[in-house]
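Structure record follows, encoded as structure tokens.
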Amino acid sequence: MTAAPLASVASSAEAAEDHLQASACPACLAAPSAEELAKSGDIKGARIMLSLPTAHCAVCITDVEREMEAYPGVRSARVNLTLKRVSIDAEANVAADALVEALGKIGYEAYELDPGMLSATETDKRGRDLLMRIGVAGFAMMNIMLLSIAVWSGAEAATRDMFHWISAAIALPTVVFVGQPFFSSAWGGLKHGRVNMDVPISLALILASSISIFETMHHGHHAYFDAAVMLSFFLLVGRYLDYRTRAVARSAAEELAALEVPRANLLRDGVEMIVAVADLKPGDLIRVRPGGRIPADGEVTEGTSETDRSLLTGETLPVYVGPGTMLSAGEVNLTGPLTLRVTAAGKDSSLHRMADLVAMAESAKTRYTTLAERAARFYSPMVHALSFSAFGYWMYATGGDVRFAVNISAAVLIITCPCALGLAVPAVITAASGKLFRKGLLIKDGTALERLAEVDTVVFDKTGTLTMGTPVLEESDTIDEETLSVAAALAVASSHPLAKAILAAAEAREIRPVTLDDLREVPGFGIEGRLGRLSLRLGRADWVGAEPCAATATHLRLGEAPPVTFRFSDHLRTGAAEAVALLTAQGKRVLMVSGDVETAVSALAGKLGITEWYSGALPAEKAALIADLMGQGKRVLMVGDGLNDTAALAAAHVSISPASALDAARTASDIVLLGADLAPVGDALRIAGQARRRIKENFAISAGYNVVAVPLALVGLATPLAAALAMSTSSITVSLNSMRLK
Amino acid sequence: MSILSYLIPISLFLGGFGLVAFLWALKERQYDDPKGDAERILSGKYDDRPKR
């Protein structure tokens, strides 16, 4: 939150710059005024996007819109409840952070989003294009079916011909227009020497239309216009569902990425300025405030503090830093302000080296073939072979009747319609990912659900995944009241996580902190103060004069008395125990791997009932462990949040990271856990397994229809009515089956 | 049978009318926020068209 105001000021400045670049005219460059902005009709420069995670009802919409439109300089505001965003059209000088603050005052949580990152979902051209084609196909299908029913029920001679001609007039333009997604995809595949699922679809559409035209011209009995249009309608619906699932996942993933605007405080000639992290160069001086994340590798030149490296290494113990200490990008500064000289930025920084590890792991991973792709690989050649051999046989059997033979092979192509592949798989995936989304799991990758269903081994990271990464005071009940109240009084002065934990423990026992004099924090060491004539210190072992101990601890000295040691343990994430129990109950092998020290890891493993665990693992070792398990033929699910997990996340068969994870870890994982609760992970595996079963059932159902209908078509008994019946009933049954997901 | 010369054009016209209405709604971005639109009917604010 502290970074938000700075970020938004800079981004509105950038937006103004964009406008300058957009207008090449030098006069505009000299004086870019708000009126000119308005006159040019270019509202791009003043578009502000805010995320509204808590908006959910009509009152929220009106509240937010009224508040925003009342704000000086705002032209209009529109809430999109589906995306939980408000899009604000304002004068160029309106800063987003002021709007966020205004919304905060009326009780709405809001975050600025980077509109550049959201561009892909904002103009949802592809989705609208598919919807338009579905509409056209649906219109054509209904009208042609009306005429077809008349033909089927016995229209004769001239009437039948007329109905066929009208059908042709509707069907031909429709097929040409709505079939384009299939034609272009089939053509693209053929150009690269691949026969994808769209080849038989396109062939069926083209063959069915042309044979029907030919039959109509020669007063034939059978025309397949309705079949051609119905085929494209059902397949387009499948295509749209598929697209929607991806678009929703992508938009939410983009939103997560757009929330983090990476910036650094650069010191130039003693003046602090905000720059993008990408613009840092070695030798630059940067300042990092307490609570801030170190943006680049560097050496401390000024200030003492402690840093939290848990996201990099998994260690929970804060590390002391002072002048001369080397820091890596990604560590979090805890207590005192630090000035750093950048030693490596951008490509050379340790953050980037970690990203290289991810890239290596990803390139080693073979591309996953989905069930649908495997089915298509088997299906396409088979359909072509069937249709072609039917043509060959009937040519031979009828002594060269091309018209009859082509009719038969077209009927075969139409009846073997790949509706199960084209409609049923997307329908199951849509239903399952919608279900997971409501449980707080966001699927980022289309094939992740199927991969999740195959998992037999689950590897958890410790810090930040199974635990919250925030310490809790151990055995706080046994500490005597006076000691705790003094410790709490000292802890008030610091925002260090251990100090906060002491305060929380004191509050839980309703102990009021005593009043102290000369309270001050010594960054990197601890807090000191005075109680009457007694001098007090709370902090690191060597500074207080206590025996250092292995666990996370802090020490309190009261005057000359022997120091008291406070021990801390990491707080278990809610649902962690349930998730582990659920996974074990499903017969999965559960492992824990952490970069933390052995005592902390074994204690947690005992608490959760995990028998296999590894401590002190380096990032590369984590990835190697995963690779080793994969080498043994195991399908591994990796759940992790830190930078030290990214390589392992990328190497695993499928991976999950919590939304609190670093950007890099979220990018490397396939599924993002949106809430703080870990329990949905166990459920996710069950739902994924169920979805996989439904997909297979759907294949079986459509295969069943084909087993009955294809022999009929082969012997020449399939009428357009039979084709229409087979196609629509199979499409409807597989869709209904997809909805049975629990 | 001459009734067909009325009925077929009428059915085509009605279907076409529905199609045009659908395409218009699509172009006007009326399907962009289905959840929000469902809630907006409860608000007293007059709102004749989606704002950009």
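Evaluate the stretch A:373-476: find the radius of gyration of its Cα atoms, find its Kirkwood radius, and give the ratio Rg to Rh. The partial results should precede the final answer.
Details: Rg = 26.0 Å, Rh = 18.8 Å.
In the stretch A:373-476, Rg relative to Rh is 1.38.
From the Kirkwood radius over Cα pairs of the stretch A:579-647, Stokes-Einstein at 37 °C and 0.692 mPa s returns a whole-number translational diffusion coefficient of 258 µm²/s. Mind giving me the FRET efficiency for B:I41 and A:E69? R0 is 22 Å, r the Cβ-Cβ distance, nearest 0.05 is fine. Efficiency, from the Cβ-Cβ distance: 0.65. Each residue of the stretch A:457-462 was assigned a 3J(HN,Hα) from its phi angle through the Karplus expression (A = 6.51, B = -1.76, C = 1.60, θ = phi - 60°), giving 10, 10, 10, 9, 7, 8 Hz with x at Gly and Pro. A straight line joining the Cα centroids of the stretch A:156-177 and the stretch A:626-659 runs 57 Å. Which net charge results for the neighbourhood of A:L267, defined as the other residues with beta-carbon distances under 9 angstrom from its beta-carbon, given Lys and Arg at +1 and Asp and Glu at -1? Value of the local net charge: -1. Only protein heavy atoms count here; under a 1.4 Å probe, B:R40 has an accessible surface of about 30 Å².
Between A:I106 and A:E156, the distance separating the two model label sites (each 7 Å from Cα on the Cα→Cβ line) works out to 7.3 nm. With an 8 Å cut-off on Cα pairs and a minimum separation of 6 or more residues, tell me the relative contact order of the stretch A:470-571 in percent. This gives 26 percent for the stretch A:470-571. A Förster radius of 45 Å, combined with the Cβ-Cβ distance separating A:C549 from A:Q632, puts the computed FRET efficiency at roughly 0.70.
Nearest 100 Å², what total accessible surface is buried between chain B and chain A (probe 1.4 Å)?
Working: alone 5240 and 33860 Å², together 36690 Å².
Between B and A, the summed buried area is about 2400 Å².
On the basis of the beta-carbon distance and an R0 of 25 Å, A:D279 and A:A247 show a calculated FRET efficiency of 0.15.
The values are calculated or read from the model by the stated rules, or taken from the named source; none is laboratory data. From a predicted model like this one, the values you see are computed outputs, not experimental measurements. FYI the Cβ positions are ideal-geometry reconstructions off the backbone, even for glycines, and counts take in every protein chain you see. In case anyone asks, the SASA skips ligands and DNA or RNA and just uses the protein heavy atoms, side chains included. Shrake-Rupley method; radii C 1.70, N 1.55, O 1.52, S 1.80 Å.
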